[in-house]
Amino acid sequence: MSDINLKRSVLAIVGPTASGKTDLSFQIAASCNQKVDIICADSRQIYRGMDIGTAKPSKEEQSLFPHHCIDICNPDEHFSAGKFAQYARTCIDNSINQDRIPIIVGGSGLYIQALCEGFFSFESKENSLDIRQELQELLLTKGKEFLFQELKKVDPTSAEEYSDMNPRRIMRALEFYKSTGLQFSKEKKEHISVPTFTTTYIGIAFQRDKLYDRINKRSEYMWNNGLIDETSQLLSNGYNPTLNALNTVGYKEVVKVLQGELKHKEGLEAMKQATRRYAKRQLTWFGNQIHVQWIYEENLKGYVENLNIEKLNHQIS
């Protein structure tokens with residue numbers, strides 16, 4: 001790969017769910033004379049059979065421009081942010097080598113951060129499985145608060161970063177410490193894998209009530225146009241509803257309806273509320289973790305018209 005490609009600046013369209021990221025990517029791609037590859041950075045669009053609830057681009061939409069990182073694993077397969085970053089970087093490098101223009105599109109903050117800013121991976125030790133089982137047992141018997149306090153004792157920096165007490169991330173940091181005796185936060189900082197490109201981030205800005213209205217309408221559309229059947233089919237195919245892939249907004253609420261815990265109307269309202277909360281968390285994350293140029297909807301047309309993406313993708317950083 002040439003020096004200019006090593007320093008290439010790639011465009012990433014990020015932001016909350018239902019903000020119109022896919023539509024914007026198509027508008028930009030249409031101005032590039034079919035030389036664009038869409039790199040989907042969505043932690044659920046990677047799963048086969050999960051189309052409606054993930055707002056996955058349709059087959060017709062995917063045929064307009066090559067799409068990557070969609071339908072690459074089954075719902076019961078583990079796929080981490082680091083693994084995604086490795087996969088997506090290969091797609092981006094191939095795109096650049098073919099003199100095409102990669103555009104990253106997605107709202108999964110950790111996936112985007114791993115891909116565009118760097119990630120840390122480590123090989124499991126021989127005792128990792130035993131440690132993992134021990135931590136899983138502690139999670140079930142004593143809860144995530146207990147594990148969080150344990151992490152705080154041995155790796156306060158990681159604990160501060162995981163203040164939302166995401167149990168999977170806490171257990172990963174504890175597993176690393178217990179198997180190596182080293183702090184996950186320190187090793188991650190020193191051995192992070194950085195990409196061969198820089199990233200320019202843009203996002204679509206909305207007044208909060210307008211974004212929530214878009215979320216409510218899209219939730220209703222999904223609910224009434226196949227989400228229930230899609231979820232039912234996944235369960236019929238043998239996928240456990242407790243899988244991480246299915247224990248997410250939309251599918252989780254449908255499962256409760258199918259199991260009789262919620263009525264249809266209650267399930268839809270729960271999905272709307274959960275999606276709004278998810279969007280709020282996304283906005284907070286993107287506001288704190290990376291520098292995003294926010295563009296209001298009414299200014300998008302002018303932005304696309306004035307964007308020289310080919311020049312952007314050949315910038316020297």
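Values quoted throughout were computed directly from the atomic coordinates according to the rules given, and no laboratory measurement underlies them. Because the structure is a prediction, the values reported are computed rather than measured. FYI the Cβ positions are ideal-geometry reconstructions off the backbone, even for glycines, and counts take in every protein chain you see.
Points to keep in mind about this one:
- Length available on full extension from Glu310 to Leu258: 0.36 nm per residue minus the Cα-Cα distance, which gives 13.9 nm.
- Amide H contacts of Ser9 (H built 1.01 Å from N, under 5 Å, at least 5 apart or other chain): Thr198, His314, Gln315
- Among Asp130, Asp213, Asp71: highest mean-square fluctuation, GNM of the chain, C-alpha pairs under 10 Å: Asp130
- Cα shape, the range 35-121, gyration tensor, a/c 1.5 rule: oblate
- Lysine pairs in the range 159-317 whose alpha-carbon atoms fall under 15 angstrom of each other, counting only those eight or more residues apart or on distinct chains, come to 12.
- Gln86-Thr198 pseudo-label distance in nm [points 7 Å out on the Cα-to-Cβ vector]: 2.8 nm
- Estimated from helical segments only, the mean residue ellipticity of the chain at 222 nm is -15500 deg cm²/dmol, where each DSSP H run of four or more residues counts as -39500 (n - 2.57).
- Shape class for the chain: oblate, because the ratio a/c of the largest to smallest gyration tensor axis (alpha-carbon atoms, square roots of eigenvalues) is 1.5 or more and b/c is at least a/b.
- The stretch between Asp229 and Lys210, if pulled fully straight at 0.36 nm per residue, gains 4.0 nm over its current Cα-Cα span.
- Sorted by Cβ neighbour density within 10 Å, fewest at the top, the residues Tyr221, Tyr212: Tyr221, Tyr212
- Note that the range 210-223 has calculated 3J(HN,Hα) couplings of 6, 4, 5, 5, 4, 4, 4, 5, 5, 4, 4, 5, 4, 4 Hz, one per residue in order, obtained from phi through the Karplus relation 6.51 cos²θ - 1.76 cosθ + 1.60 (θ = phi - 60°); glycine and proline are x.
- Estimated Rh, the range 181-282: Kirkwood, alpha-carbon pairs, angstrom: 16.5 Å
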